[in-house]
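Here the structure is laid out as C-alpha cells; the discussion comes afterwards.
The values are calculated or read from the model by the stated rules, or taken from the named source; none is laboratory data. Owing to the predicted nature of the structure, the values given are computational and were not obtained by experimental measurement. As a convention, Cβ positions derive from the backbone with ideal geometry for all residues, glycine included, and neighbour counts pool all protein chains shown.
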Amino acid sequence: MATETSNITDPDDMYRALKAKLSDVVPDAELFYKSRLAAQINRLKQERNAVILGHNYMEPALFHSIPDFVGDSLELSRKAAQTDKDIIVFCGVRFMAETAKILNPSKTVLIPSRRAGCSLAASITADDVRQLKAKYPGVPVVTYVNTYADVKAETDICCTSSNAVMVVNSLDSDKVIFLPDEYLARNVARETGKRIIFPTREPRADDELEFDMIGWHGRCEVHEKFTVEDIRNIRRDFPDVAILAHPECSPEVVAEADFSGSTTAMMKYVERTQAPRYLLLTECSMADNIAGANPDKEMLRLCSVRCPHMNEITLEDTLLALQKRQYVVDVPPDIRDRARLAVERMIAIGPVGKKD
Ligand code: 13P
Ligand code: SF4
C-alpha cells in the first residue's frame, strides 16, 4: 500500500501529520522528536533516489512517516520487484531485504540494522533442505519466505502467510515438503485436508504413517506465545471481541480465533468490519498501527509481544543507513539466481490468498 506521508520533508508538517494519527498511542515529545528524524529521512531519500519499504510490524511513528510502501511480506516482495529507484531501504528483517536483493540484483539494498534476524529463518539451513530432498526424492519443496537466500535456493517455490494454501494447491503433486514453520504448515495442512508428519521429530513415523505433507520444527518466537487460554480469558471479559490470529500461531489458537490471515489481511479485516472491539494475536506494534489509521476502532491489548528483530529497525538507524549507505545486503550470484526462481514462481501465482 502506498502511503501519504512519505513525501513530507518539512519537520512541522510531519509533526502535524504524525500527531493527527498517533496522538492516542505515542507520547507527544516522542512524536516531536521522531518527526524531525522522519522529515530528514524523506529529504535524503529523494536526494539519493531511494525507496523505503516498511513491514506492517514497524513501530508506529516509523510506519506512519517514511515508508513509500507498507505491507505484508508478499506485498513488499511485489513492490521490490517493481521499483525503478536506485536504492531500496528495507525497514523489515533480513530475509525480507534479501528477497528484495534477489529480485533486484543491480540495485543497492540497505537494511538499517544488522541484528534484524528471525527465529523462523534461523531454524533451518540449506543442508537441512538438501537432506530432506534426498530422503523424499521428487517431492516438491515449498519454503516460507521467512528463510535465508541459501534455503530459498534449494526450494521449488516460496510462499507467504497470505498465499501458502494457494501455493500448495498449485502444485502438481500429492506430496509436499513445507518448511520451516511448524504451525503455518499445520494450519495449511488443516485447510487443504493434508496429513502432515515431522520426520525430524518423529523419526520412525513416516515409515508407518500415511502422509501428504512433510514439515519442519521452526517456530516464530512471537506467535508461539499466544495460547487458547489467552483467547478464553479475553472472551470472558469481552464476549463481543473479534479475535484475529496470524497463521504462525498454533492451529488450536487459529481454530479459536474469528479470523486468520497475513498481517495485511488482518488490517483489512479490521477496516472493513464493525466489531465493537478487536484483539490481534500478532506482533504488538500492528495494533498501534491499525489504531493510528482507524481512530474509530477499539483495539484491545493482551500484552506486549514485540518481535525483537523488527524492533531493531529505528528511525535513527534508517537515517544512518541513508547517510552512510549501510548495511548493504548482498546475495552471492549462484544462490541469488536459484532463489529468484522460487520467489518469482510465487509472485506469478497471483496477488493474494482468498483471505485477503
Ligand atoms: P506477513 O507476511 O503476514 O506480513 O508475516 C511476516 C512475518 O514475519 C510474520 O511474523
Ligand atoms: Fe520472524 Fe516471528 Fe519476528 Fe516475524 S514476528 S520476523 S516470524 S520472529
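Summary table
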item: Residue within the range 271-283 that is touching a His at 6+ places or on another chain (Cβ under 6 Å), closer than 23 Å to Arg232 by Cα and either among the acidic types (Asp, Glu) or crowded, with 21+ Cβ neighbours inside 10 Å (or both) present; result: yes
item: Glu283, sole failed condition from (1) of a type in the set (Asp, Glu); (2) under 23 Å from Thr143 (Cα atoms); (3) in contact (Cβ under 8 Å) with a residue 60 or more places away in the chain; (4) away from ligand 1 (no atom under 16 Å from the Cβ); result: (4)
item: Single match in Val139, Val129 (criterion: in a helix (DSSP H, G or I), crowded, with 16+ Cβ neighbours inside 10 Å and in contact (Cβ under 8 Å) with a residue 12 or more places away in the chain); result: Val129
item: Looking only at the range 209-260, and only at residues there that are within 13 Å of ligand 2 (Cβ to nearest atom) and assigned to a helix (DSSP H, G or I), the one that is farthest from the chain's Cα centre (by Cα); result: Lys225
item: Any chance Ser113 is crowded, with 19+ Cβ neighbours inside 10 Å, within 15 Å of ligand 1 (Cβ to nearest atom) and part of a loop (DSSP other than H, G, I, E, B); result: no
item: Tabulated pairs, the range 210-237, first at negative phi, second aromatic (Phe, Trp, Tyr) and away from ligand 1 (no atom under 16 Å from the Cβ), C-beta under 8 angstrom, 6+ apart or interchain; result: Ile214/Tyr136; Ile214/Phe198; Gly215/Phe198; Trp216/Phe198; His217/Phe198
item: Within the range 52-77, considering residues that are of a type in the set (D, E, K, R) and within 12 Å of ligand 1 (Cβ to nearest atom), the one nearest to Ser285 (Cα to Cα); result: Asp72
item: Count - residues of the range 38-74 that are part of a strand (DSSP E or B) and within 14 Å of Pro112 (Cα to Cα); result: 6
item: Qualifying residue in the range 87-102 (condition: in contact (Cβ under 8 Å) with a residue 12 or more places away in the chain, closer than 21 Å to Met267 by Cβ and more than 16 Å from ligand 1 (Cβ to nearest atom)); result: no
item: Matching residues in the range 47-61 - criterion: being surrounded by fewer than 24 Cβ atoms within 10 Å (Cβ to Cβ) and under 16 Å from the mean Cα position of the chain (by Cα); result: Glu59
item: Those residues of the range 142-196 which are in a strand (DSSP E or B) and in contact (Cβ under 8 Å) with a residue 40 or more places away in the chain, in sequence order; result: Thr143, Tyr144, Ile157, Cys158, Cys159, Ile177, Leu179, Asp181
item: Residue selected from the range 300-322 under the condition farther than 17 Å from Lys34 by Cβ and modelled with pLDDT of 95 or more, by the criterion surrounded by the most Cβ atoms within 10 Å (Cβ to Cβ); result: His309
item: Given (1) under 28 Å from Arg219 (Cβ atoms); (2) without any contact (Cβ under 8 Å) to a residue 24 or more places away in the chain, number of the condition Ala348 does not satisfy; result: (1)
item: Among residues of the range 249-280, those that are under 22 Å from Phe63 (Cα atoms) and within 14 Å of ligand 1 (Cβ to nearest atom), counted; result: 10
item: Total residues in the range 38-71, condition within 16 Å of ligand 2 (Cβ to nearest atom) and more than 19 Å from Glu312 (Cβ to Cβ); result: 1
